[in-house]
Amino acid sequence: MQQHWERIYGTKAPDQMSWFRPHLETSLDLIERAGQGDRSASIIDVGGGISTLVDDLVERGYRNITVLDISQAALDVAQKRLGKAAKSVRWVRTDVTQSTLPARSFDVWHDRAVFHFLTKPEDRLAYVRNVASAVKPGGHVIIGTFGPEGPVKCSGLDVMRYDAQSLHAEFGPRFHLVESSKELHVTPFGTEQQFLYCHFTMEQ
């Protein structure tokens, strides 16, 4: 899987990725409301690689940001784009289903377009266990996946599609569903993809 993404990010520009958008407005809005304006909140962006979310969080004054991605090539793109500001961000190259993150470390866990690539039940279970361990009690989990009418494949890989009920079922009762919404994402190629966003809070 790492080799697949290294090849993708090593050969394509960010705006050649179907899920790319200049700014993740929905994610930013959910993070702002989850963090209630606390710029010291510890935020992790899982699969954040080439995403501009980190740029916008830095610009808004957030000081405790971690970006995790399976691809070093993707992280390199983001670090180069940020320039000197990249030094204020923690960069982690790992497969989130194969590693263990520090316990109770994050106030906000954000993932747009990673979870729907986990087609194996054991990978989804490993992911959820990592979230449950790494997010502080009462912390926030923001997940963006393809919705029920989203694509069935992406970047040459099969994907899962979710509605709010089925995504909540994957995470389980320790996660309280605060809100959900659907969004039509217009790709750089002019096509539309349906995304589902869910905002959960961890049990205290």
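The values are calculated or read from the model by the stated rules, or taken from the named source; none is laboratory data. All values derive from a computational prediction rather than experimental measurement. Neighbour counts run over all protein chains shown; Cβ positions are idealised from the backbone, glycine included.
For the stretch 180-204, taking the residues that are over 25 Å from P14 (Cα atoms) and modelled with pLDDT under 95, the one that is surrounded by the fewest Cβ atoms within 10 Å (Cβ to Cβ) is identified as Q204. Of the residues making up the stretch 121-169, those that are over 16 Å from the mean Cα position of the chain (by Cα), of a type in the set (D, E) and under 19 Å from D95 (Cα atoms) are E122, D158. Considering the stretch 1-49, the residues that are among the hydroxyl-bearing types (S, T, Y) and in a loop (DSSP other than H, G, I, E, B) include one that is modelled with the highest pLDDT, namely S40.
Between A73, A126, which is modelled with pLDDT under 95 and of a type in the set (A, V, I, L, M, F, W, C)?
Working: A126 fails: modelled with pLDDT under 95.
Exactly one residue qualifies, and that residue is A73.
Taking the stretch 180-192 as the range and being over 22 Å from V141 (Cβ atoms) and part of a strand (DSSP E or B) as the test, the residues that pass are L184, V186, E192.
Can we say D56 is modelled with pLDDT of 95 or more and buried (at least 18 other Cβ atoms within 10 Å of the Cβ)?
Values: modelled with pLDDT of 95 or more: yes; buried (at least 18 other Cβ atoms within 10 Å of the Cβ): no.
No, not satisfied.
For A34, the conditions (1) within 22 Å of P151 (Cα to Cα); (2) in contact with a strand residue (DSSP E or B) (Cβ under 7 Å, 6 or more places away or on another chain) are fulfilled apart from (1). Annotation note: Cβ proximity below 6 Å between a residue of the stretch 89-109 that is at pLDDT below 95 and a residue that is in a loop (DSSP other than H, G, I, E, B) and not aliphatic (A, V, I, L, M) (sequence gap 6+ or interchain) occurs for no pair.
Restricting attention to the stretch 137-179, the residues that are surrounded by fewer than 17 Cβ atoms within 10 Å (Cβ to Cβ) and part of a strand (DSSP E or B) total 9.
Residue by residue, here is whether (1) among the β-branched types (V, I, T); (2) in contact (Cβ under 8 Å) with a residue 24 or more places away in the chain holds:
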residue: L125; (1), (2): no, no
residue: A132; (1), (2): no, yes
residue: P137; (1), (2): no, yes
residue: V152; (1), (2): yes, no
residue: V159; (1), (2): yes, yes
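Within the stretch 1-46, the set of residues being closer than 16 Å to Y197 by Cα and touching a Lys or Arg at 6+ places or on another chain (Cβ under 7 Å) comprises L24, S27.
For the stretch 53-75, check the following and say yes or no: at least one residue is small (G, A, S), part of a helix (DSSP H, G or I), more than 16 Å from Y127 (Cα to Cα) and more than 12 Å from the chain's Cα centre (by Cα). Working first, answer last.
Step one: filter the stretch 53-75 for residues small (G, A, S), giving 61, 71, 73-74.
When the remaining residues are screened for being part of a helix (DSSP H, G or I), the result is 73-74.
Filter once more, so that each one left must be more than 16 Å from Y127 (Cα to Cα): 73-74.
Narrowing the set further to residues that are more than 12 Å from the chain's Cα centre (by Cα) leaves 73-74.
Among the residues of the stretch 53-75, at least one is small (G, A, S), part of a helix (DSSP H, G or I), more than 16 Å from Y127 (Cα to Cα) and more than 12 Å from the chain's Cα centre (by Cα), which makes the answer yes.
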